[in-house]
Amino acid sequence: MKGSGLLLTRACLAIAVLATASDSRRIAVVGAGAAGTAAAYFAREELLARGEPPAEIHVFERGDRVGGRAHVGTVEYNDTTLYFEQGASMFISKNLHLMEMAEKFNLALCEHPCTYAKSKHNGAKANALEFSLGSYGIWDPTGAGDSGEWLVGPGSRWRILNIIQALWRYSGTGDLNHVQKRTDTAVKEFMQSYTDFANRSAGIYSTWSEYLSDKPLLQSSLYYRASEYYLSAGEGIRRRFLEEAVSLATRVNYMQDVDTVNTLGAHISMAAGSDAAYSVAGGNYQIFERMLAASGAQLHLHTSVTSIQRSNATAGRYTLSATSEDDGFEHDFDTVIIATPLPLANISILEDKHQDLVAAEYVHMYVTFVIGVLQPRLFPKGRIPRLVVTPYQTTDPFNCLSILACLHPEGAGNGRQCQDGPVLTKIFSHRPVDLNRIFAVVEWHRQQEWHSYPKLNPLNADYVHKDPDSTAYYLQRTPPPPIVLDRNRLRDTLPSSGIFYINGMESLFSTMESQTVAARHVVRLALAGA
């Protein structure tokens, strides 16, 4: 990413740079992932649309790159550079922000799954994956013998054969139709946001509960685990379908099963499999890199924000304290937009006033990339699909394994070389993977440990006293984390003064697109004032 010409690659931390005398609105954005870059971009767009002067925007990122969970990895193999997604890997055609930005910035899309390859001799190749492989299979490692057992699959390259197999296993299309109907409704409710953005007076919410108030299915989906919601729907959805088809989607997308993930997480996971899915050739991070460049914001990499407090020097402003590799500084801003998960950020806000409100659990996981030859005896029938998922509630030896590229020097041909030759794989697991168990030969590997997704637990409910003198109880549900952490009304000329938190949206569900939508809603609230 260095030398790209699009971004400042080092933080310029001299106080003189940040302390330029100016009466313009000053906005700090903490985090340069999907939410942070979108906040900077939409802040500029919102002010332009209102005919207001541009703001001075600073984006602070403690890492060395832009994109957050959208992170591309590369590896050299046989004079070819392979580009693969290490984090957020796809978006669907209904994700209007990402589709629009890819078109606006002339970014090439390829159908997911997509591994971009650039050869020194043959130029670029949009996809190094062999599509003669079957689409997916559910593999039980505890099956007979050393090879495990295919519970579903391993699928066929021919879509019609997969459909016939599914019809037989799940006794027709009834279960899928019922789940898909709810998924379609959830997507339609989420897409109301784009209608809001087209209306100057709509789409300004002060809480995520308010955001959900006109989206009944999204709201109710947060209160139940996916399994109990679907099984209690009164439409006879079979447990087998939930544990196989729906759990396959939630395990791949959120590393959670249907008995733990909230129903909205299941809806979103199923939506990813029912619409055209895309990746940006060379890495999804490019969308966010270009959004940040278009915002005109000053980027400060390798910079950790440590504290945000009300300013003692300037009424109505906030003092942001940060450190970098070289120095530290404090400076005042009118508006601070936090676009990073606060439970993982170690930032003191208003003397830790809000730390309990933003608490959330994140999935701790390992992502392992391997170039090697898979064990031929491990998978029965000698066939391996593009995606291998272990069954419901199984975590050993992995949750899922994806074949990203077939690397046989003679080419993939009919797919046998992909089965018997070297492949690039991506493995999700809750603990380090025993590579010797899965691969006969390991030529290269890279392991990444991280807190990836929020745990999409149902919003718990408790019965509480209506008042101390009454025996009556009412149902009280845990609300999502707040958007507004503070409002400072001392500066009438700049009504947007305050501290705002985007990532509370992740307690509902988390995708690249939802983060950009959340950022746009929060920016509109921040710039609108009271």
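Some points to look at:
- Neighbours by Cβ (under 9 Å, 6+ apart or cross-chain): first from the stretch 440-467, assigned to a strand (DSSP E or B) and modelled with pLDDT under 85; second surrounded by fewer than 16 Cβ atoms within 10 Å (Cβ to Cβ) and among the acidic types (D, E): P454/E361
- Top-ranked residue in the stretch 307-344 [being modelled with pLDDT under 90 and of a type in the set (A, V, I, L, M); ranked as surrounded by the most Cβ atoms within 10 Å (Cβ to Cβ)]: L342
- Residue satisfying condition, being touching a residue at least 40 places away in the same chain (Cβ under 8 Å), over 17 Å from V29 (Cα atoms) and open to solvent by 10 Å² or more (accessible area, probe 1.4 Å), within set V373, V367, V363: V373
Yes/no per residue for (1) more than 16 Å from V305 (Cα to Cα); (2) modelled with pLDDT of 95 or more; (3) open to solvent by 70 Å² or more (accessible area, probe 1.4 Å); (4) not in a helix (DSSP H, G or I):
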position: G3; (1), (2), (3), (4): yes, no, yes, yes
position: A21; (1), (2), (3), (4): yes, no, yes, yes
position: S24; (1), (2), (3), (4): yes, no, no, yes
position: L48; (1), (2), (3), (4): yes, no, yes, no
position: E52; (1), (2), (3), (4): yes, no, no, yes
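- Residue within the stretch 285-306 that is on the phi > 0 side of the Ramachandran plot and modelled with pLDDT of 90 or more present: yes
- Residue within the stretch 108-117 that is in contact with an Asp or Glu (Cβ under 8 Å, 6 or more places away or on another chain) and modelled with pLDDT of 90 or more present: no
For every residue, the table says whether it meets (1) of a type outside the set (V, I, T); (2) touching a Leu at 6+ places or on another chain (Cβ under 7 Å); (3) free of Cβ contacts under 8 Å to residues at least 60 places away in the same chain.
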{"site": "D257", "(1), (2), (3)": "yes, no, no"}
{"site": "V261", "(1), (2), (3)": "no, yes, no"}
{"site": "M270", "(1), (2), (3)": "yes, no, no"}
{"site": "Y278", "(1), (2), (3)": "yes, yes, no"}
{"site": "F288", "(1), (2), (3)": "yes, no, no"}
{"site": "M291", "(1), (2), (3)": "yes, no, no"}
{"site": "Q298", "(1), (2), (3)": "yes, yes, no"}
{"site": "Q309", "(1), (2), (3)": "yes, yes, yes"}
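- Residue in the stretch 379-395 that is β-branched (V, I, T), closer than 23 Å to S510 by Cα and without any contact (Cβ under 8 Å) to a residue 40 or more places away in the chain present: yes
- Matching residues in the stretch 279-292 - criterion: being part of a helix (DSSP H, G or I) and either touching a Gly at 6+ places or on another chain (Cβ under 9 Å) or open to solvent by less than 10 Å² (accessible area, probe 1.4 Å) (or both): Y285, Q286, I287, F288, E289, M291, L292
- Search result, residues across the stretch 57-79 that are open to solvent by 30 Å² or more (accessible area, probe 1.4 Å), out of contact with any Phe, Trp or Tyr (no Cβ under 8 Å at 6 or more places or on another chain) and in a strand (DSSP E or B): E76
- Every residue from the stretch 76-94 that is farther than 29 Å from T303 by Cβ and among the aliphatic types (A, V, I, L, M): L82, M90, I92
- Residue count for the stretch 225-257 satisfying the condition of being within 24 Å of the chain's Cα centre (by Cα) and on the phi > 0 side of the Ramachandran plot: 1.
- The single condition from (1) among the basic types (K, R); (2) touching a strand residue (DSSP E or B) at 6+ places or on another chain (Cβ under 9 Å); (3) closer than 23 Å to S307 by Cα; (4) at pLDDT 90 or above that R10 fails is (4).
- Qualifying residue in the stretch 365-374 (condition: within 20 Å of G153 (Cα to Cα), of a type in the set (G, A, S), modelled with pLDDT of 85 or more and part of a strand (DSSP E or B)): no
- Residues that are buried (at least 20 other Cβ atoms within 10 Å of the Cβ) and more than 11 Å from F428 (Cα to Cα) within the stretch 392-402 comprise just one, Y392.
- When the stretch 218-260 is filtered for residues that are surrounded by fewer than 20 Cβ atoms within 10 Å (Cβ to Cβ), of a type outside the set (V, I, T) and part of a helix (DSSP H, G or I), the ones remaining, listed by number, are Q219, S220, E228, L231, R239, R240, E243.
- Residue count for the stretch 154-192 satisfying the condition of being open to solvent by 30 Å² or more (accessible area, probe 1.4 Å), of a type in the set (D, E, K, R) and modelled with pLDDT under 85: 3.
- T263 open to solvent by less than 20 Å² (accessible area, probe 1.4 Å), farther than 15 Å from V30 by Cα, of a type outside the set (D, E) and out of contact with any Pro (no Cβ under 7 Å at 6 or more places or on another chain): yes
- Search result, residues across the stretch 80-106 that are in contact with an Asp or Glu (Cβ under 7 Å, 6 or more places away or on another chain) and open to solvent by 40 Å² or more (accessible area, probe 1.4 Å): S93, K94
The values are calculated or read from the model by the stated rules, or taken from the named source; none is laboratory data. Quantities reported herein were computed from a predicted structural model and do not represent experimental measurements. Glycine gets a Cβ as well: all are built from the backbone with ideal geometry, and neighbour counts include every protein chain shown. Areas reflect the complete protein model, heavy atoms only, side chains present, ligands, DNA and RNA absent. Shrake-Rupley method; radii C 1.70, N 1.55, O 1.52, S 1.80 Å.
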